[in-house]
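One structure is given below, encoded as structure tokens.
No value in this document is a laboratory result; all are computed from the given coordinates. Because the structure is a prediction, the values reported are computed rather than measured. Because the Cβ atoms are built from the backbone with ideal geometry, glycine has one as well, and the counts that use them run over all protein chains shown.
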Amino acid sequence: MNKIIERDVIVVGAGPGGSTCAAYLAREGVDVLLMDKETFPRDKTCGDSQAEVTMEHVKELGAYEEVKKAGYCNKGFLLTSPDYSKAYLDAPGERYTTPRRIFDNIMKNTAIRCGAEMIEDCWVYDVIKEDGQVKGVKAKYQGEYIEFRSKIVIGADGSHSMVAKAIGIFPDNPVCTGAGLRCYYENVPMEKYLEIHFDQNVLPGYIWVFPSGNREGVANVGIGINLDVYDSKTLKEYIDIFIETSPYGKRLKDARQISEWKGWRLPTGPQAGENYDAGVMLIGDAGSMILPLTGEGIGPATETAKMAADTALDALKANDFSAEFLKAYADKRHDTYDIKYKSIMTLDDVFRNPQNINGIVKRYNLDPIFKEEVLKQMFFAHSKK
Ligand SMILES: Cc1cc2nc3c(=O)[nH]c(=O)nc-3n(C[C@H](O)[C@H](O)[C@H](O)COP(=O)(O)OP(=O)(O)OC[C@H]3O[C@@H](n4cnc5c(N)ncnc54)[C@H](O)[C@@H]3O)c2cc1C
């Protein structure tokens with residue numbers, strides 16, 4: 001028989017979602033076990049940008065000073081259009097770009113500091129389901145196959161989530177799923193903005209150049225594109241074209257590539273399922289929570305982490321782990337996110353047409369009322385309701 005370990009709550013995955021959720025639970029005295037298949041610090045393919053909403057949780061959990069030291073404090077966005085015009089979108093709050101290898105380690109340590117137990121190098125391969133209710137997970141840890149039993153399982157295991165697949169909530173609609181590729185360069189001249197380039201040769205999609213980390217001139221460079229428009233070119237070929245043809249790409253020829261290119265899947269929110277069932281809740285990428293168009297997923301991961309932690313606390317108090325009780329989590333999520341997804345999706349068609357983007361950037365620079373509205377929309381989608 002497999003070895004059995006019991007905890008009140010098991011959180012699968014120690015990305016920003018899982019660590020935030022475990023931290024919120026542990027600081028309320030919950031017996032919580034956070035587990036990850038990797039050994040930290042570990043890399044995660046990402047643009048490294050932490051929006052204001054993420055920073056709110058970072059501050060609340062006491063990790064602000066560490067992130068501030070390790071990250072790059074940027075001023076907002078610099079958008080460029082297919083005709084190479086540019087627009088500066090100054091953010092109202094504090095945003096950082098911290099390499100995920102460092103950021104995720106800080107958040108994992110924060111969860112431990114709050115009282116969570118953490119095990120690394122622990123590969124979860126199935127959920128335990130009894131009488132229609134999830135009652136833990138099965139994992140391989142230190143060479144042993146172990147049943148980790150719990151009252152609640154939080155699936156925070158990212159965009160290829162095993163927990164989501166095991167409970168049958170794994171949407172994969174190409175219109176709502178993106179592919180991303182990124183690598184690091186050094187010696188890149190940049191202003192203090194997160195650059196988003198809507199280049200005519202890579203549309204629809206965009207290329208980013210983000211100052212990242214606490215060393216000046218280090219850039220996280222990448223591309224994000226929707227799977228429904230992905231053609232015969234590889235993502236790397238789009239980047240090569242940008243470097244060859246764009247006035248904003250040319251400087252990368254003189255910069256030094258300091259990491260390999262890595263790709264990953266981006267499941268966005270309009271396809272998200274209900275993300276709960278008896279004994280289980282899915283948060284962050286495991287619940288397909290990424291904001292469409294922008295690709296911001298760390299904010300939604302940390303926000304859904306807090307929502308799931310609050311619901312789990314109520315469930316533990318009531319000793320009720322039924323689907324009916326955990327529906328409160330879905331209600332909170334719908335309340336906050338449905339309107340965000342809807343407002344971003346109204347722009348989806350607009351950003352598929354080069355003339356539209358040229359027109360928007362031009363108008364943004366000439367029309368102060370339009371500019372104010374764009375900033376409101378932009379940062380509304382990036383901040384709390
Ligand atoms: C190219 C790219 C660029 C992006 N840029 C940005 C950006 O700049 N800003 C932003 O906000 N978002 C960005 N995103 C999205 C962002 O990376 C994700 O939304 C975010 O990482 C979600 O956090 P999470 O905690 O839900 O999952 P993850 O960060 O993916 O963490 C999941 C964890 O689960 C662990 N795990 C997985 N399977 C198992 C298993 N079977 N057993 C045990 N552990 C397991 C993994 O090792 C991992 O540590 C980007 C995504 C991509 C692909």
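Just add up the charged neighbours of P247: K/R +1, D/E -1, any other residue whose Cβ is under 14 Å from the Cβ of P247. Neighbour charge sum, excluding P247 itself: -1. Taking a point 7 Å from the Cα of V175 along the Cα-to-Cβ direction, the residues of segment 209-241 with backbone N closer than 17 Å to it are 226-230. Ellipticity at 222 nm from helices only: DSSP H runs of n ≥ 4 in the chain, each -39500 (n - 2.57), divided by the residue count, give -10500 deg cm²/dmol. Close amide-amide hydrogen proximity is noted between C46 and no other residue 5 or more places distant or on a separate chain, at a cut-off under 5 Å (H modeled in the peptide plane; Pro and chain starts excluded). Spin-label model, E260/R363: points 7 Å from Cα along the beta carbon direction are separated by 4.5 nm.
Each residue of segment 5-19 is assigned a 3J(HN,Hα), and the resulting list reads 10, 10, 9, 6, 10, 10, 10, 8, x, 10, x, x, x, x, 5 Hz, derived from the Karplus form 6.51 cos²θ - 1.76 cosθ + 1.60 (θ = phi - 60°), x at Gly and Pro.
Sorted by average packing, counted as other Cβ atoms within 10 angstrom per residue and highest first, what order do 92-98, 105-111 take?
Details: 92-98: 19.9, 105-111: 23.3.
Averaged packing, sorted descending, gives the order 105-111, 92-98.
Mean-square fluctuations from a GNM of the chain, with a 10 angstrom spring cutoff on Cα atoms, peak among I102, I146, I298 at I146. In units of the rule-of-thumb radius 2.2 N^0.38 Å, the chain shows an alpha carbon radius of gyration of 0.98.
Remark: segment 289-294, residue by residue, has Karplus-estimated 3J(HN,Hα) of 9, 4, 6, x, 6, 7 Hz, where x stands for each Gly or Pro and the curve is 6.51 cos²θ - 1.76 cosθ + 1.60 at θ = phi - 60°.
Structure remark: mean-square fluctuation, Gaussian network model of the chain, C-alpha springs under 10 Å; the largest value among L25, L34, L316 belongs to L316.
With the convex hull built on the Cα atoms of segment 1-133, state its orientation-averaged projected area in nm². Provide the component values of the computation, followed by the final result.
Working: hull surface 45.2 nm².
If I average the Cα hull's projected area over directions, I get 11.3 nm².
The peptide list 151-158, 261-268, 353-360, 61-68, put in order of mean Cβ contacts within 10 Å with the highest first, becomes 151-158, 261-268, 61-68, 353-360. Fully extended, how many nm does the chain gain between E274 and K192 (0.36 nm per residue separation, minus their Cα-Cα distance)? Taking E274 through K192 to full extension adds about 25.7 nm, to one decimal.
Counted by neighbouring Cβ atoms within 10 Å, the residues T39, T245, T294, T45 run from fewest to most as T39, T245, T45, T294. Expressed in Å, the radius of gyration and Dmax of the Cα atoms of segment 84-184 are 18.8, 60.
Can you tell me which of C46, C21, C183 moves the most in a GNM of the chain? Springs connect C-alpha atoms under 10 Å apart. Ranking C46, C21, C183 by mean-square fluctuation puts C183 first.
How much of the DSSP bridge set in the chain is antiparallel, in percent, rounded to the nearest 5? Numbers along the way, then the final one.
Values: 50 of 73 bridges.
Bridges in the chain are about 70 percent antiparallel.
Please report the antiparallel percentage of DSSP beta bridges with both residues in segment 1-114, rounded to the nearest 5. Can you show the working numbers first?
Numbers: 10 of 14 bridges.
Just about 70 percent of them are antiparallel.
Only one residue of L293, A318, A328 has its Cα farthest out toward the positive end of the dipole of the chain, where Lys and Arg carry +1 and Asp and Glu -1 on Cβ, and that residue is L293. Net charge in the neighbourhood of R7 (other residues with Cβ under 9 Å of its Cβ; Lys, Arg +1, Asp, Glu -1) is -2. Kirkwood radius, segment 237-287, all distinct C-alpha pairs, inverse of mean reciprocal distance: 14.7 Å. Residue by residue, segment 261-268 carries 3J(HN,Hα) couplings of 7, 10, x, 7, 8, 10, x, 9 Hz when phi is fed to the Karplus relation 6.51 cos²θ - 1.76 cosθ + 1.60 (θ = phi - 60°); x denotes Gly or Pro. Cross-link reach is defined here as a Cα-Cα straight distance under 22 Å, omitting same-chain residues fewer than 8 places apart; for K362 the lysines meeting it are K75, K86, K192, K371, K376. With 0.36 nm allotted per residue and the present C-alpha distance subtracted, the D349-E28 stretch has 111.1 nm of extension available. Distant-in-sequence amide contacts of Y193, defined by a placed amide H-H separation under 5 Å and a gap of 5 or more residues or a different chain, comprise K75.
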